[in-house]
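This report concerns only the one structure given below.
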């Protein structure tokens, strides 16, 4: 089966400053791939490079088997939806207007919304439990509500792949689980998702696979319980942590203390 | 303020344009009955058989007042729609062709064409030079103020001031070089102040196509403008080819502003005030905002011009002076309400 997203030898540099080097990655349908790593390691850049928002200086990105540079922007947007970490909210669009923008790549210049577009928007509002907010301006929402509205916008785009950069930041615990349950559910229905997360326990719980980005490259990848070890925490996150292993296969990571290295 | 129904807002806009346009054609130094004016207009439009008016009355209505009103309507529509487009493009509610120097650039182009004597040879020289000047300043300001796709408010305003000042200085230089030519200098200065007096159908022939072409390009980009308001990354992720859209919008606003400046000089703040008030009424979505800007922008300039003609009659206040006096306090108000955001940068 063709991978939804794959990249090989992906290099990103801003004015000679290398931010990502030699990244290989692939995502299949029905899979949730979680990207973890310390701040500034290149997680956000990796996500942005996978849909061409940040240009790769070397390497190949393919979406559904097609090289990224051969696709028009609208075609990319039909395959991959993206929610950046710092989604803006200083505008007066209502939640429904924001979510409707997810239909942008599917609609012609002057084409009014079709029934299927309205349906996609309704569905996105329902699954993100933002229906009750649909007529509220986005600028008046709380941080969590805003995040869910942006995720709804991405879902309304009806793509096979979702790229979410820290979708649980600024959410309370219940809404964190709600968002991640939603992503799992979407994966169960055959979509693929690449999710950048900070919380390692959530990464372990929700990721089919986890990729650790540190020092501007992928330093480990695989099944969470094999990848997220105490050595890895020490080497790349500079902490001493306890990895608690449940009998059912789940793991919980408890950070204990920083490892002082000057 | 709660939003109004789209059809109602556009209906109100159309009614406003027609009403102020009619009143403007009706009122003036020569007194004409409203009924007579209406009959002259209907006859000219091919509706009524004979209008029973005198030749001088028809001339006043059709060749003196009407072209001024139509020119004003196109200029107003042009400035309002370009303001709305620039605000989305620069993702900044304070962007306006005047504030960010685009109008100054257009003026420089127009004055250059006048001083070179090109305007006498070719009547499209002034608008063509104005369009080039407008595009040049828009690109310069964008290039200076943007950093990796973001446009900080403070940097944008300062870049606009700097580039606009340079254009104004060059305009002054051109004027000072031609002080010997008293009549030409006087005309250029009067034009620079912005006004619509003595406009004829040949001005309409310039500003109508530039406004229609430019506005059509802007309106055709409504969805992309909406997406750009979310941010450049989001717009890209939604399938908007941002560099292409940006070039198209810079070109479109340059054509619109260049055409407007060529026929009316610099009329400031219309592009700031009209879109801002309409956003409160119809929300930020460009599919409704842009048509509303065209209608209410037209009504606003025609009404303001009427005020200029009548408030101190027989003296006329310059239109650019009037919009400046009304718009500058409004701009200050907007600036103060966003002071925190600007100070943070």
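The values are calculated or read from the model by the stated rules, or taken from the named source; none is laboratory data. As the structure is a prediction and not an experimental result, all values here were calculated from the model. Positions of Cβ are backbone-derived with ideal geometry, glycine not excepted, and every protein chain shown enters the neighbour counts.
The figures follow:
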| item | result |
| --- | --- |
| Of the criteria (1) touching a strand residue (DSSP E or B) at 6+ places or on another chain (Cβ under 6 Å); (2) under 23 Å from residue B:284 (Cα atoms); (3) modelled with pLDDT of 95 or more, which one residue A:135 fails | (3) |
| Segment B:260-277, residues that are buried (at least 24 other Cβ atoms within 10 Å of the Cβ) and either farther than 29 Å from residue B:114 by Cα or within 14 Å of chain A (Cβ to nearest Cβ) (or both) | B:274, B:275 |
| Condition met for residue A:24 (in contact (Cβ under 8 Å) with a residue 24 or more places away in the chain, surrounded by fewer than 22 Cβ atoms within 10 Å (Cβ to Cβ) and in a strand (DSSP E or B)) | yes |
| Residue tally, condition farther than 18 Å from residue A:74 by Cα, part of a helix (DSSP H, G or I) and more than 7 Å from chain B (Cβ to nearest Cβ), over segment A:90-108 | 2 |
| Any chance residue B:144 is in contact with a helix residue (DSSP H, G or I) (Cβ under 7 Å, 6 or more places away or on another chain), surrounded by fewer than 19 Cβ atoms within 10 Å (Cβ to Cβ) and under 30 Å from residue A:112 (Cα atoms) | no |
| Candidates B:53, B:82, B:24 - the one that is more than 22 Å from residue B:304 (Cβ to Cβ), out of contact with any strand residue (DSSP E or B) (no Cβ under 7 Å at 6 or more places or on another chain) and crowded, with 16+ Cβ neighbours inside 10 Å | B:53 |
| Strands (runs of 3 or more DSSP E) contained in segment A:178-262 and holding at least 3 residues within 17 Å of residue A:25 (Cα to Cα) and either modelled with pLDDT of 90 or more or touching a strand residue (DSSP E or B) at 6+ places or on another chain (Cβ under 6 Å) (or both) | A:192-196, A:209-214, A:217-222 |
| Matching residues, segment A:109-138, being within 10 Å of chain B (Cβ to nearest Cβ) and touching a residue at least 12 places away in the same chain (Cβ under 8 Å) | A:135, A:137, A:138 |
| Segment B:228-242, residues that are within 7 Å of chain A (Cβ to nearest Cβ) and part of a helix (DSSP H, G or I) | B:229, B:230, B:233, B:234, B:236, B:237 |
| Residue list for segment B:291-316, filter: surrounded by fewer than 24 Cβ atoms within 10 Å (Cβ to Cβ) and either part of a helix (DSSP H, G or I) or free of Cβ contacts under 8 Å to residues at least 40 places away in the same chain (or both) | B:291, B:303, B:304, B:306, B:307, B:308, B:309, B:310, B:311, B:312, B:315 |
| Selection status of residue A:81, at the interface with chain B (Cβ under 8 Å from one of its Cβ atoms), buried (at least 20 other Cβ atoms within 10 Å of the Cβ), under 22 Å from the mean Cα position of the chain (by Cα) and in a helix (DSSP H, G or I) | no |
| Filter result for residue B:223 (within 11 Å of another protein chain (Cβ to nearest Cβ), on the phi < 0 side of the Ramachandran plot, at pLDDT 90 or above and surrounded by fewer than 24 Cβ atoms within 10 Å (Cβ to Cβ)) | no |
| Yes/no for residue A:89 being modelled with pLDDT under 90 and buried (at least 17 other Cβ atoms within 10 Å of the Cβ) | yes |
